[in-house]
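Here is the structure we will look at, set down as structure tokens.
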Amino acid sequence: DATVYYERDADRHALDDETVAVLGYGSQGHAHAQNLAESGVDVVVGLRADSSSWTAAEEDGLRVATPDEAAAQASVVSVLLPDTVQPAVYEEAIEPTLEPGDTLQFAHGFNVHYNQIQPPEGVDVTMIAPKSPGHLVRRNYENGQGTPGLLAIYQDATGEAREQALAYADALGCTRAGVVETTFREETETDLFGEQAVLCGGVTELVKAGFETLVDAGYAPEMAYFECLNELKLIVDLLYEGGHMEMWNSVSDTAEYGGLTRGESVVDREGMDEILQNVQNGEFAREWISENQANRPAYTQYRRAEETHEIERVGAELRTLFAWDEDAEGER
Ligand code: NDP
Ligand code: MG
Ligand code: MG
């Protein structure tokens, strides 16, 4: 099983003499910059001169500079830009400033694993990837709690890469919850597979297929929406809280028997294997990189189709009817 690190395994002082440049102030960037700074780490945020986040970062009490200036000041460069823009910014603003002994720090392995960024020898290349959107990384930290995360070492030039990455995870609050050791390859491939086959792609296609099957058979779209989408949250909450048995124990025996005997027939295991192979052999990465180079023609089309699907129209209407439900919960 994987190694898991906690607070007692980390030495915060490993970052005492370092300046960390956090490039980007989006979902992850704002959380890393603020958590690290409040943990006593010297942080400079790197943003484009015309970035709308520049003032926000300054108002949060942080030093801000352009990406090349921030990288030049720093011994640790935390690359928290959208994955698709990282290679260009790396070439322009980061690579020219790298010195032996510096650290390149990532929150996802895509660019390094698929060779879109090829770090020079002599620098440490590490990953601390919180398993959560940035606003939760920030909120958990403020509440004195932690966010689970992943740690990976791609290149350990100094012999101190792991110690420093653990200090980074600690300052971010991740060691409060647990930091699982992995590799850039494993993180990248499981992340892409998960979001394609199960989480983002799998779930939305399952919901749409169920919705369409009911609507095409003449049932009311509102009924189909409730049954195939709205109730999904209840099921996922049960799975999240107590695993499969908690969910099966909470639904009716009829639902349990029907689900256990029928569920498997809607899952295409060969399709899943193919998704995984395309991730492993780099085919998906190549496709997505050239899609971006061509200004995202397919992406734009798929997005349009999704926006105009009937489930979106029905859902938007129905959700206004139970907005009170969300207020009652306080937050989402
Ligand atoms: P965001 O899209 O939220 O970050 C956008 C930030 O990058 C903004 O501050 C934006 O500033 C800046 N930016 C965009 N383009 C450029 C550019 N060309 N030059 C300089 N700055 C630019 O990214 P995320 O936080 O979602 O992702 C960052 C990394 O974290 C990725 O590697 C991602 O895979 C990883 N990750 C993300 C998670 C998430 O939940 N979001 C979870 C775990 C990992 P501007 O105002 O200039 O546009
Ligand atoms: Mg992902
Ligand atoms: Mg039911």
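For the chain, the longest principal axis of the C-alpha atoms and the axis of helix 161-172 are separated by about 60°.
Please work out the FRET efficiency for the pair residue 4 and residue 220, using the Cβ-Cβ distance as r and a Förster radius of 51 Å; give the result to the nearest 0.05. In this case the efficiency is close to 0.60.
Compute the distance from the alpha-carbon center of segment 87-137 to that of segment 214-291, in whole Å. About 34 Å separates the Cα centre of segment 87-137 from the one of segment 214-291.
Okay, helix-only estimate at 222 nm for the chain: each DSSP H run of n ≥ 4 adds -39500 (n - 2.57), divide by all residues, round to 500 deg cm²/dmol; what do you get?
Rounded to the nearest 500, the figure is -14500 deg cm²/dmol.
If you line up the long axis of helix 283-293 against the longest principal axis of the chain, both from Cα atoms, how many degrees apart are they, to the nearest 10? The angle comes out at about 70 degrees. Converting phi to 3J(HN,Hα) with the Karplus coefficients 6.51, -1.76 and 1.60 and the offset θ = phi - 60°, segment 83-96 yields 4, 6, 9, 4, x, 5, 5, 4, 5, 6, 10, 9, 3, x Hz in sequence order, with x at every glycine or proline. For the chain, the antiparallel share of DSSP beta bridges with both residues in that region comes to about 25%. Which one of 6, 97, 257 is farthest out on the positive end of the charge dipole of the chain, using unit charges on Cβ (Lys, Arg +1; Asp, Glu -1) and the Cα centre as origin? My answer, from the dipole projection, is 257. In degrees between 0 and 90, to the nearest 10, how far off the longest principal axis of the chain does helix 27-38 point, with axes built from Cα atoms? The answer is roughly 50 degrees. For residue 54, the shell of other residues with beta-carbons less than 13 Å away shows a net charge of -3, using +1 for Lys and Arg and -1 for Asp and Glu. Considering only beta bridges that DSSP places wholly inside segment 92-167, some 60 percent are antiparallel.
Among beta bridges identified by DSSP and lying wholly in segment 4-182, the antiparallel ones come to about 25 percent. In terms of the mean number of neighbouring beta-carbon atoms within 10 Å, the peptides 214-224, 145-155 order highest first as 145-155, 214-224.
A short reminder: the numbers here are calculations on the coordinates, not readings from a lab. Computed from a predicted structure; not experimentally measured. Cβ coordinates were reconstructed from backbone atoms using ideal geometry, including for glycine residues, and neighbour counts include every protein chain displayed.
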